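The values are calculated or read from the model by the stated rules, or taken from the named source; none is laboratory data. Quick caveat: nothing in here was measured; it's all calculated off a predicted structure. A quick note on method: Cβ atoms are made from the backbone with ideal geometry, for glycine too, and the neighbour counts reach across all protein chains shown.
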Amino acid sequence: MTAFDPKRTLEELNGGRMKNLCCALGFAAALFAGGVCGDDLKLSQVVPSDLVWATNAAGFEVAKVVGDPGKPGMYVNRVKFPANLRIQPHFHPDERVVVVLQGTVYFAYGEQFDEAKLRPLGPGSAWTEPARQPHYVWAKGGEAVIQVTGIGPSGTTQISK
């Protein structure tokens, strides 16, 4: 055990735990605000056979798991990319966390589609999409399924070439 040193900061003494606690509290506050401003989260149990998939104009399928991305509040969507689908640079107004469930998604941040910047992310991998952060994806070589969690309302804005 180390002797007390009054010159050490609180963060040093906590090993960075204070910063982690503040981040966790901030995330909890964001979730709470989403619940207060939108519909309350309802009890729900969803199995894959319950999902209703719809193809959109961009060429991929989307299934709502929980909530509605078009309305205020938390939502969870599954997105199924067909093999070799390239999604050009775009951004969303809300913050999102994305998890790869199946296949490999090649992902990068930026306003220009640059294959050299793409990183392969397989099942269990995750990335964040801060609000208005341009990014792009490619389901290079095979079908891929991701799960997107965010706090709506959401939308998509394409980056002009």
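Name every residue in the range 87-135 that is charged (D, E, K, R), surrounded by 14 or more Cβ atoms within 10 Å (Cβ to Cβ) and farther than 27 Å from residue 72 by Cβ, in order of residue number. Scanning the range 87-135 gives a single hit, 111. Between 21, 31, the distinction of being within 18 Å of residue 148 (Cα to Cα), modelled with pLDDT under 50 and not assigned by TED's automatic domain parsing to the domain that holds residue 123 belongs to 31 only.
Across the range 69-86, which residue is surrounded by the fewest Cβ atoms within 10 Å (Cβ to Cβ) among those that are in contact with a helix residue (DSSP H, G or I) (Cβ under 7 Å, 6 or more places away or on another chain) and outside any loop (DSSP other than H, G, I, E, B)? Only one residue tops the list, namely 74. With respect to the conditions (1) surrounded by 14 or more Cβ atoms within 10 Å (Cβ to Cβ); (2) farther than 22 Å from residue 40 by Cα; (3) of a type in the set (Lys, Arg), residue 161 lacks only one, and its number is (1).
Candidates in the range 61-86 are the residues that are of a type in the set (A, V, I, L, M, F, W, C) and closer than 19 Å to residue 120 by Cα; of these, the one that is nearest to the chain's Cα centre (by Cα) is 79. Each residue in the range 136-151 was checked for being crowded, with 21+ Cβ neighbours inside 10 Å and touching a Pro at 6+ places or on another chain (Cβ under 7 Å), and 3 of them qualify. Taking residues in the range 129-140 that are at positive phi, and partners anywhere that are modelled with pLDDT of 95 or more, the pairs with Cβ atoms closer than 6 Å and at least 6 places apart or on different chains are 132/91. Residue by residue through the range 87-129, note down the ones that are part of a loop (DSSP other than H, G, I, E, B) and among the hydrophobic types (A, V, I, L, M, F, W, C). Hits for the range 87-129 are 113, 118. Checking every residue in the range 49-71 against the condition of being among the hydroxyl-bearing types (Ser, Thr, Tyr) and touching a Pro at 6+ places or on another chain (Cβ under 7 Å) gives zero matches.
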